[in-house]
Amino acid sequence: MDVRAERVRKEFDRFPALHDVSLKIQSGELIALLGPSGSGKTTLLRLIAGLERPTSGRILFGEKDASDRSVQERNIGFVFQHYALFRHMNILENVSFGLKVRPWATRPAGAEIYRRAMELLDLVQLSGLEKRFPSQLSGGQRQRVALARALATEPRVLLLDEPFGALDAQVRRELRKWLREIHERTGHTTVFVTHDQEEALELADRLCVMSQGRIEQVGTPDAVYDTPASPFVFGFIGASS
Ligand code: ADP
C-alpha cells in the first residue's frame, strides 16, 4: 500500500519538528529515513503510525486520508530500538501474540496460531528456540523475535525505528543482510529509521535524507551516494574514502 505525507507540519509547543514535508512511499519498497539526531525521522514515523497528529497537512494510505484512523485501523507493524518483547512470555508466545491481536476477520484460531507462529520463527531463523524467554536470547535474536511478532499482525506498513541501534557493529551488519533478505521474501512496505548512513545505503531501495525537519533528498542509494545533496551524507563519503 502506498503511503503519502502531503505537506505535513508538526509543531511541539510551537517548535517545528517537521516543516511541510511531502513524501510518497511506494507499495512494497523499503525506504530509509536517514538523518542526524533531531532531524525529524521519528516524528515522521509516529505521524505515519497515527501515534501523533499533524499540525497541518495529511497522511494518506492509498487514496484515503488516514487522519481519522486509529493506530489499530492503520494496521502498522512496529519494531523499536529496545525490543519491547513480553518478558514473561516465551518466544513462541510473543510471536503468537502478534497473531492474536489481528482484526477478528483475519485472526487465526487454535492450532493455526501455533502453525503460523512456528512458520514465522522459521522465517526469522529462530526455529528450535521457541521455548526460550527473551532474557535467554542475544540482542540480535530478540530483534528477530520483534520482527516476527510485527510480521504476525500482517501489517499494511512496517515501521522500524533504529531497530539495530543498540547492537554492536558486527551483529548490525549481519542483521542488515538478513532484513534485506526477509524484505525480498515478504515484500512489505517498510520504513526504516536510522542515523547510520552505511546501514541506509546498504539496506534501502530508496533513501530519504532529512535534516532539521526537512527532506533534503530522496533517491536510490546509488544516486544519493554519487550526488549527495546533504552535507550529512557527504560527510560519510568523505570519511570512508
Ligand atoms: P530524530 O528521530 O531524527 O532524532 P525526532 O523526530 O525525534 O528526531 O525529533 C525532531 C525534533 O522534534 C527534535 O528537536 C525533538 O527534540 C523534537 N521533539 C520530538 N518529539 C517531541 C515531543 N514529544 N515534544 C517536544 N519536542 C519533541
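Any read-out appearing in this document is the output of simple, stated calculations on the displayed coordinates, not a laboratory observation. From a predicted model like this one, the values you see are computed outputs, not experimental measurements. As a convention, Cβ positions derive from the backbone with ideal geometry for all residues, glycine included, and neighbour counts pool all protein chains shown.
In table form, for the structure just shown:
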| quantity | calculated |
| --- | --- |
| Extreme residue, positive dipole direction of the chain, given options A17, L126, H88 (C-beta unit charges) | H88 |
| Cα extents of the chain along the three principal axes, largest first (Å) | 51, 45, 31 |
| Proximal charge balance of F133 [Cβ under 15 Å; K/R count +1, D/E count -1] | +4 |
| Top of V157, V101, V124 by mean-square fluctuation, Gaussian network on the chain, Cα under 10 Å | V101 |
| Region 26-100: GluC sites (Glu not before Pro) in DSSP loop, at most 10 other beta carbons within 10 Å | E63 |
| Normalised contact order of region 93-211, rounded percent, pairs of Cα under 8 Å and 6 or more residues apart | 25 |
| Alpha carbon centroid spacing (whole Å) that separates region 1-57 from region 144-183 | 20 |
| Relative contact order (%) - criterion: Cα under 8 Å, at least six apart; region: region 86-154 | 50 |
| Total charge dipole magnitude, region 110-241, about the Cα centre, Cβ charges on Lys, Arg, Asp, Glu only, Debye to nearest 20 | 480 |
| With Cα atoms, 0 to 90° folded angle of helix 110-123 axis to the chain main axis | 50 |
| Within region 86-154: Cβ-based charge dipole about Cα centre, in debye rounded to nearest 20 (Lys, Arg +1; Asp, Glu -1) | 200 |
| Size of charge dipole - the chain - debye, nearest 20, with Cβ of Lys, Arg +1 and Asp, Glu -1, no other charges | 740 |
| Bridge type composition, the chain - antiparallel percent by DSSP, nearest 5 | 50 |
| Listed residue (G28, A117, I215) projecting farthest to the positive dipole end of the chain, Cβ model | A117 |
| Relative pair counts by distance (%), Cα atoms of region 86-154, 5 Å bins | 3, 20, 33, 25, 12, 5, 1, 0 |
| Cα-based reach from K41 at 19 Å (exclusive), listing lysines while leaving out same-chain residues under 8 positions away | K10, K24 |
